[in-house]
Amino acid sequence: MVQAKFDNIGGLKVRAAVKSAGVVVGRVSEIKFDAENYVAMVSMQIDTRYRFPRDTFATINTSGLLGEQYVGFDVGGDTEVLKAGDTIKKTQSAVVLEKLISQFMFNKAAEPVGK
């Protein structure tokens, strides 16, 4: 099992897929709130057939426009691989559609009239 910390997991759920290059390589096994750092701690069970470099980048993605969320692994180039109990250091949180829309609307409202 490996872990990753995210500022926002969106709608990610336990049993969600962990994918690399579009292939399911594992599943989310547990999601907890880290009250010390105010982040979500996501634990993932990775199939033992697959090994990933320690500098792998974990992102939370969505299948299609409104589909299920999953964790995506973008592999790095480190020669050392992730081991059970390791924490992935490089992460990117979920993009929350509602947040993007509100930012767009706020920016439009702030533009001068006639632009």
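The values are calculated or read from the model by the stated rules, or taken from the named source; none is laboratory data. Since the model is a prediction, treat every value here as computed from it, not as a measurement. Positions of Cβ are generated from backbone atoms using ideal geometry, with glycine treated the same way; all protein chains shown enter the neighbour counts.
When every residue of region 84-97 is checked against the conditions, none turns out to be of a type in the set (Lys, Arg) and more than 12 Å from Ala4 (Cα to Cα). Per the listing Ala109, Ala35, Ala40, Ala84, the residue uniquely touching a Phe, Trp or Tyr at 6+ places or on another chain (Cβ under 8 Å) and either modelled with pLDDT under 95 or among the aliphatic types (A, V, I, L, M) (or both) is Ala40. Go through region 14-28 and give me each residue that's surrounded by 15 or more Cβ atoms within 10 Å (Cβ to Cβ) and in contact with a Lys or Arg (Cβ under 8 Å, 6 or more places away or on another chain). The answer is Ala16, Ala17, Val18, Val25, Arg27, Val28.
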